[in-house]
Amino acid sequence: QVQLVESGGGLVQAGGSLRLSCAASGSIFSVNVMGWYRQAPGKQRELVAVITNGGSTNYADSVKGRFTISRDNAKNTVYLKMNSLKAEDTAVYYCNADLIAGSTWKRFNYWGQGTQVTVSS
C-alpha cells in the first residue's frame, strides 16, 4: 500500500512564501511523475506544477516565475516553493504521484489528502 503525506500549508499574507512537501511511502519500486494540483472553492482541480524523475518540469502559466517544484528521488518526496503569493492562490493543494508499486510492479496513480493554503490580501 502506498501513501502520500503532505505538509506545509497554512495562512500567509499576500506577497509571502510557503513551502509544501509531499512524501510517498510504502511498497514503491519507482516514482515517475510527481506533481501538485489545486482546487479552489467552486472551481475544478487544476494543475500547478509537475516534475519527472529526470527533473523536467512543467508549470501552469499562472504560477510561472513564482512557484518552483523540486524533488528528492532518494526520499520519494516532492516540494513546491511558493513565492509572491496572491489571494487567487488560495486553494486546497493536492500532491499526485505516478508510480510503480506492489509485489507485481503495477503502475498506479495516487493522490494526497490535500493541504489548505490561504493567502490573505
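Measuring spread by the Cα atoms of the chain yields a radius of gyration and Dmax of 14.2, 49 Å.
Couplings for region 36-51, taken from phi via the Karplus curve 6.51 cos²θ - 1.76 cosθ + 1.60 with θ = phi - 60°, read 10, 10, 9, 9, 8, x, x, 10, 7, 5, 10, 6, 9, 6, 9, 9 Hz in order; Gly and Pro are left as x. For the chain, the solvent-accessible area of protein heavy atoms averages 53 Å² per residue (probe radius 1.4 Å; ligands and nucleic acids excluded). Rolling a 1.4 angstrom probe over the chain with all protein chains present gives an accessible area of which 47% lies on carbon and sulfur atoms.
In this label model, VAL2 and SER84 are separated by 3.4 nm, measuring between points 7 Å along each Cα→Cβ vector. Among the lysines of the chain, pairs at least eight places apart or on separate chains and with Cα atoms under 22 Å apart come to 5. Placing +1 on the Cβ of every Lys and Arg and -1 on the Cβ of every Asp and Glu, with nothing else charged, gives the chain a dipole about its Cα centre of roughly 80 debye. Beta bridges per DSSP, both residues in the chain: antiparallel share near 90 percent.
With a cut-off of at most 13 other beta carbons within 10 Å, and DSSP calling the residue loop, which trypsin sites (Lys or Arg not before Pro) in region 5-65 qualify? Please list them. Sparse-neighbourhood loop trypsin sites (Lys or Arg not before Pro): LYS43, LYS64.
3J(HN,Hα) along region 63-78, derived from phi through the Karplus expression 6.51 cos²θ - 1.76 cosθ + 1.60 where θ = phi - 60°, amounts to 10, 4, x, 10, 10, 9, 9, 8, 8, 10, 5, 5, 9, 6, 10, 10 Hz, with x in place of Gly and Pro. Extending 7 Å from Cα along the Cβ direction at ASP61 and again at ASN109 yields two label points whose distance is 2.3 nm.
The values are calculated or read from the model by the stated rules, or taken from the named source; none is laboratory data. On a predicted model such as this, the values are computed, not experimentally measured, just so you know. Counting neighbours? That spans all protein chains shown, and the Cβs are built from the backbone with ideal geometry, glycine included. These area figures cover heavy atoms from the full protein model, side chains too; ligands, DNA and RNA do not enter into them. Shrake-Rupley method; radii C 1.70, N 1.55, O 1.52, S 1.80 Å.
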